[in-house]
Amino acid sequence: MSHLPVMIIIWPLIFAFLTPLVDMVSLRYRKHVVITFVVGQLVLVGLLIFGDSGGTTYYPLGGWAPEIGIVMVVDGLSRIFIMLIAVGTSLAMLYSLADIPDKESKYYVLFGILIAGMFGLVLTGDLFNLYVFIELTSLASFPLVAIQREGPAVRAGLRYMIFTVLSSLMVLLSIILVYGALGTLNMEEIGRQLVSIPHELRVLILALWIVGLGLKVAVIPLHSWLPPAHAEAKSPVSALLSGVLIKTGLYMIIRLPLLMSQGKDEMMIQFILINIAAVTIIGGHLLALGQRDVKRVLACSSIAHMGYIVLGLGIGSLLGLVGTLFHALNHMAMKSGAFFSLGQMVKDHYDFDSVQGKGRGAPWMAAVFLICCISLIGLPPLGGFASKWILGMAAVEAGQPIYAGVIALGTFLSGLYYANIFRILLNPDVSVESVKTRWLSAGVVGVTGFLCVVGFFAATWITDLIKIVAIGIL
Amino acid sequence: MIRKSVALVILAILGLLVMGGLAELPLPAERMSESVTSRHILSEGVSDTGAVNLVTAVLFDYRGFDTLGEATVIFAAAAGVVLLFFRHDLPTSRLGLSSLAKRSIMVLAPFVFVTGLYIVMFGHVTPGGGFQGGVVWATLTILLCIVYGTAFEWRFINTRTKTLLESLGAIAFILLGLVGIYRGDFFLSNIAAGFRAGVPGELTSGGAIPLLNLAIGLKVAAGLALIFYNMVKKDVG
Amino acid sequence: MWGEIVDFAYWVVVGLFLIGFFGVLTDTNLIKIAIGLNIMEASLLLLLVRLAFSPGDSPPIVSEGILNYADPVPQALTLTAIVIGASTTALLLSFIIKTYKYYGSVDLKEIRRMER
Amino acid sequence: MHESMLTGILLVFLLVTAVFAVATRYVLHAVLSLSIFGILLSVLFVMYQAPDVAMAEAVVGAGLMTALFVVTISKTTNRDDSA
């Protein structure tokens with residue numbers, strides 16, 4: 001029996017717990033510790049994902065049977081999300097080395113805890129354990145938002161916190177109700193027995209789940225915390241939150257209600273999801289159009305992209321699910337890349353007046369930013385186009401071409417504001433001095449740009465892989 | 001006013017939904033007779049873990065991973081508070097309360113400490129455990145903080161010590177869990193990994209549970225003390 | 001439809017949840033919002049503990065001659081939830097203190113006025 | 001009715017303290033009310049045969065949380081004093 005599933009969670013925890021001790025000795029070891037950690041994490045994740053045949057494996061913690069203790073489940077879906085989290089967090093962690101001062105030791109502690117929480121969240125097979133990990137990820141992410149310790153950042157963090165705590169309370173209530181109704185916390189068992197729950201109770205449970213997780217992934221009526229939180233944080237944190245953290249909410253949406261509901265409920269949920277998603281796409285892009293701050297634009301576009309991702313779920317077909325997962329992976333690469341390269345071009349103020357012409361100071365970074373933005377708009381030949389195309393195809397195939405129209409409209413709208421940003425960033429009338437880029441952050445930015453390109457040229461290969469997983473889910 | 005009426009409408013809908021849902025919950029007795037988990041733990045819990053207090057058995061053995069997560073949550077909160085109040089590292093007051101209060105707290109402090117220790121160490125036999133005892137310890141440092149002024153705490157149990165204790169407690173928990181893997185079983189295995197079950201009801205029973213309790217107690221006490229201290233200390237940033 | 005709610009405690013749980021939620025939605029004082037969240041959290045704790053109990057049960061500490069125990073699992077979950085709630089509140093309060101430092105107020109209306 | 005008389009009364013008081021904590025305009029009163037709320041809740045946990053939880057709620061809800069809330073209030077009212 002391989003201990004990899006639990007080691008993946010323990011490794012970042014050990015990093016988080018040891019960091020304060022290492023810092024007591026000296027701050028000089030920061031780089032070594034972080035790089036060791038990232039390499040170790042990638043090795044562990046690589047072993048887990050590519051090390052076995054790819055079936056479902058279980059890891060019983062403490063050796064107890066799944067229905068008595070807690071079990072970790074590694075299946076196709078969790079493998080995809082583990083890959084997403086591992087790549088996204090490793091890049092952000094390496095980028096932080098250049099961007100965050102060494103003396104911020106708690107930043108790395110919280111970062112490690114956040115990584116452990118996200119891995120735990122996608123690996124656990126126990127409902128209450130899931131809640132613990134949700135709280136772990138959220139609690140570690142609030143202070144990260146406020147790392148700049150200035151008025152707007154603290155306020156954004158506070159707002160983010162109040163909304164997230166509300167969402168956790170709803171999720172907790174629904175978990176308690178599930179336990180109250182079934183007397184078990186094992187997720188597979190719950191999936192099997194959920195039909196036996198009386199109707200009104202089941203509706204309540206699902207409604208609380210969807211509202212709670214909707215708050216987490218920021219679909220439109222519940223989105224207002226996201227733009228300030230993602231925009232006020234520092235670049236690596238913005239990338240982490242936009243690129244990785246909100247995807248964990250998506251994971252839970254895929255994992256629970258679709259598995260848990262059958263028949264009429266499922267139709268209802270899909271109907272709700274697809275319409276919320278359409279509103280979110282259009283609304284997110286309109287919000288982004290109205291912003292006067294580059295980071296806010298990127299944050300609002302994250303809302304819209306979560307809309308695309310949820311849309312695929314709402315379509316409910318195999319192709320839709322493939323599009324959802326593929327777009328989630330792509331969005332991680334392109335949104336992280338956009339935040340990273342922007343962070344290299346502009347150091348502190350991101351409003352339109354301050355960023356005039358800043359792109360010309362760091363042409364290579366501007367080039368990667370351009371690649372990421374084109375991918376975000378969804379133009380060929382980049383990853384964002386491939387996944388949006390699949391989503392559109394899925395909508396047409398499911399006989400709902402109107403949603404393909406929504407995707408096209410979204411693409412048009414996002415083209416408008418990204419063109420505007422570029423006009424400002426490359427403004428030739430302002431004189432700028434060139435910005436030096438450290439090799440580490442330049443490498444990270446380069447990798448994200450590369451991932452955006454790979455997303456297109458390896459699209460068929462990736463979607464084939466995802467398809468195998470998706471068949472297992474449906 | 002509009003805000004209030006909107007809130008009331010939302011609450012009314014939510015209330016109706018929740019009440020309708022709660023009405024359909026089965027009674028506790030029915031559920032327990034059907035629940036595999038509860039039945040197993042009630043009938044086999046003592047022989048499985050050696051702990052008489054089944055809540056502790058669940059917390060530190062059957063669901064030990066939850067407890068690791070929960071300990072990490074406190075760790076994260078403490079780290080977050082420290083991060084927020086970074087650079088404001090000066091004692092607030094040196095004076096504290098009257099000398100009578102100081103003397104009486106000195107008499108009281110050992111008792112509070114021992115009470116905390118008792119709650120931690122007998123967590124598997126009587127109500128209590130690492131978490132509750134840890135909070136009692138944390139309250140002790142808070143009391144010292146109030147009575148002697150924060151300067152006292154600053155000098156004797158300073159942030160460095162607390163951070164050290166907190167990290168050590170957390171690492172001890174993970175190491176105890178890794179013993180299970182080392183002995184060829186699973187993470188956080190207790191009796192199966194060769195810890196001795198002992199005679200249920202005695203202090204030495206419960207395998208690794210008392211040790212885990214101690215680790216959690218240290219961690220919680222240090223973490224909460226850190227949080228409190230950082231919140232009261234002076235702002236110079 | 002609610003005739004079947006046999007237990008007064010369930011009503012209180014719903015009541016507390018809604019009271020807390022009302023506070024969170026309508027109050028502008030950040031500390032009062034924290035209190036509202038605390039009350040909501042507490043209502044869930046009460047629900048969990050109530051779920052574990054049926055009349056005639058003893059505490060889940062095994063001793064001879066006792067047959068009926070309260071369900072230990074939800075009680076353990078409650079403990080975990082208490083810890084998590086406490087940590088969350090501590091962090092929330094630190095955020096509030098920090099907000100006060102920058103805006104000189106804990107009232108959302110005034111903070112909003114300052115931002116303009 | 002499964003509740004004994006005492007449990008019922010405690011539950012009612014729980015509601016009263018909660019309403020007071022949310023409704024009052026004075027934050028300090030709200031916090032003190034929340035502290036009483038915590039004590040009542042912990043007594044209720046004893047009635048529901050959960051001594052471990054009761055102990056945790058007593059030390060956290062009535063002790064630690066009150067302390068943190070009071071610190072917060074004192075830190076957010078007299079600005080000149082703390083700076």
(Q) Once you order the gyration tensor axes a ≥ b ≥ c over the Cα atoms, which shape class does region D:25-75 get: rounded for a/c under 1.5, otherwise prolate or oblate by comparing a/b with b/c? (A) oblate
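Expressed in whole Å with the largest first, what are the equivalent ellipsoid semi-axes of chain A derived from the C-alpha gyration tensor as the square root of 5 times each eigenvalue?
Each semi-axis is √(5λ); the values are 33, 27, 20 Å.
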Q | Computed label-point distance, nm, for sites A:Phe450 and A:Val435 using a 7 Å Cα→Cβ extension | A | 2.3
Q: Please report the relative contact order for region A:211-366, taking Cα pairs under 8 Å with a sequence separation of at least 6, and give it as a percent rounded to a whole number.
A: 27
Q | Between region C:86-115 and region A:420-473, the Cα center-to-center distance that results, in Å | A | 37
Q | Cβ-based exposure ranking for C:Tyr10, A:Tyr108, in which fewest neighbours within 10 Å come first | A | C:Tyr10, A:Tyr108
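Using the Kirkwood radius over Cα pairs, work out the Stokes-Einstein diffusion coefficient for region A:106-234 at 20 °C and 1.002 mPa s, in µm²/s as a whole number. Write out the running numbers ahead of the final one.
Numbers: Rh = 15.7 Å.
Rounded, D is 137 µm²/s.
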(Q) Let's test this: bin the Cα-Cα distances of region C:2-52 at 10 Å from zero up to the farthest pair and state each bin's percent. (A) 28, 44, 23, 6
(Q) Please enumerate, by chain and number, the aspartates and glutamates with C-alpha under 19 Å from the C-alpha of A:Lys467, excluding those fewer than 8 residues away in the same chain. (A) A:Asp52, A:Asp75, A:Glu397
Q) Under the definition of Cα pairs under 8 Å and six or more residues apart, what whole-number percent is the relative contact order of region A:336-416? A) 21
Q: For region B:99-237, just the Cα set please: Rg and Dmax, both in angstrom.
A: 17.4, 57
Q. Based on DSSP H assignment, which helices of chain B show an axial Cα extent of at least 18 Å together with a mean Kyte-Doolittle hydropathy greater than or equal to 0.0?
A. B:2-23, B:64-84, B:99-121, B:130-148, B:159-182, B:209-232
Q. Using alpha-carbon pairs under 8 Å, 6+ residues apart, how would you state the relative contact order of chain A in percent?
A. 14
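Can you give the convex hull volume of the alpha carbon atoms of region A:294-410 per residue, in Å³? Display every interim value, and only then the final one.
Numbers: hull volume 10.2 nm³, N = 117.
About 88 Å³ per residue, rounded to a whole number.
Quick one, could you list the DSSP H helices from chain C stretching 24 Å or more along their long axis (Cα atoms) with average Kyte-Doolittle hydropathy of 1.6 or above? Don't skip to the answer; put the middle values down first.
Working: long enough: C:8-26 (27 Å, 2.19); C:30-51 (32 Å, 1.89); C:72-103 (46 Å, 0.98).
Span-like helices, by this rule, are C:8-26, C:30-51.
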Q) When we measure straight from the Cα of C:Lys101, which lysines land under 23 angstrom away, once same-chain ones fewer than 8 places off are left out? A) A:Lys103, A:Lys106, A:Lys234, B:Lys233, B:Lys234, C:Lys32, C:Lys109, D:Lys75
Q) Under the rule of -39500 (n - 2.57) per DSSP H run of 4 or more residues, summed and divided by the residues of chain D, what mean residue ellipticity at 222 nm is obtained, to the nearest 500 deg cm²/dmol? A) -23500 deg cm²/dmol
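Please compute, over every Cα-Cα pair in region A:259-344, the percentage with a separation greater than 16 angstrom. The partial results should precede the final answer.
Details: 2118 of 3655 pairs.
I get 58 percent for the Cα pairs in region A:259-344 exceeding 16 Å.
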Q. Taking only Cα atoms, what is the 0 to 90° angle, nearest 10, from helix D:5-23's long axis to the longest principal axis of chain D?
A. 20
Q. Give or take rounding to whole Å, what are the principal axis extents of the alpha carbon atoms in the protein assembly as shown, in descending order?
A. 79, 64, 62
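May I ask you to derive the FRET efficiency for A:Ala408 and B:Ile10 from their Cβ-Cβ distance with R0 = 41 Å, giving the value to the nearest 0.05? Working shown, then result.
Numbers: r = 35 Å, r/R0 = 0.85.
FRET efficiency, A:Ala408 to B:Ile10: 0.75.
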Q: Starting from the Cα of A:Lys335, draw a straight line to each of the aspartates and glutamates and keep only those under 18 Å, dropping any in the same chain fewer than 8 residues away.
A: A:Asp99, A:Glu232, A:Asp293
Q.
Greater than 27 Å separation of Cα atoms is the criterion. Which listed pairs, A:Lys216/A:Lys436; A:Lys247/B:Lys162; A:Lys295/C:Lys98, meet it?
A. A:Lys216/A:Lys436; A:Lys247/B:Lys162
Q: Before rounding to the nearest 500, sum -39500 (n - 2.57) across all DSSP H runs of length at least 4 in chain B and divide by the residue total; then give [θ] at 222 nm in deg cm²/dmol.
A: -23000 deg cm²/dmol
Q) About the Cα centre of region B:50-232, what is the dipole size in debye to 20, counting +1 per Lys and Arg Cβ and -1 per Asp and Glu Cβ, all else neutral? A) 560
Q | Value of [θ]222 nm, deg cm²/dmol, for chain A, DSSP H segments ≥ 4, -39500 (n - 2.57) each, nearest 500 | A | -25500 deg cm²/dmol
**Q.** Cα-Cα P(r), region A:274-474, percent of pairs per 5 Å interval
**A.** 1, 9, 17, 19, 19, 14, 9, 6, 4, 1, 0, 0
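Regarding chain B, what's the average projected area of the Cα-atom convex hull, expressed in nm²? It would help to have the intermediate numbers written out before the result.
Working: hull surface 75.7 nm².
Convex hull of Cα atoms, orientation-averaged projection: 18.9 nm².
What order do you get for B:Tyr182, A:Tyr131 when you list them from fewest to most C-beta neighbours inside 10 Å?
Numbers: B:Tyr182 10, A:Tyr131 25.
Exposure proxy ranking, most exposed first: B:Tyr182, A:Tyr131.
We did not get these values from a lab; they are worked out from the coordinates using the rules stated. This one's a predicted model, so the numbers in the text were calculated from it and none came from an experiment. Neighbour counts run over all protein chains shown; Cβ positions are idealised from the backbone, glycine included.
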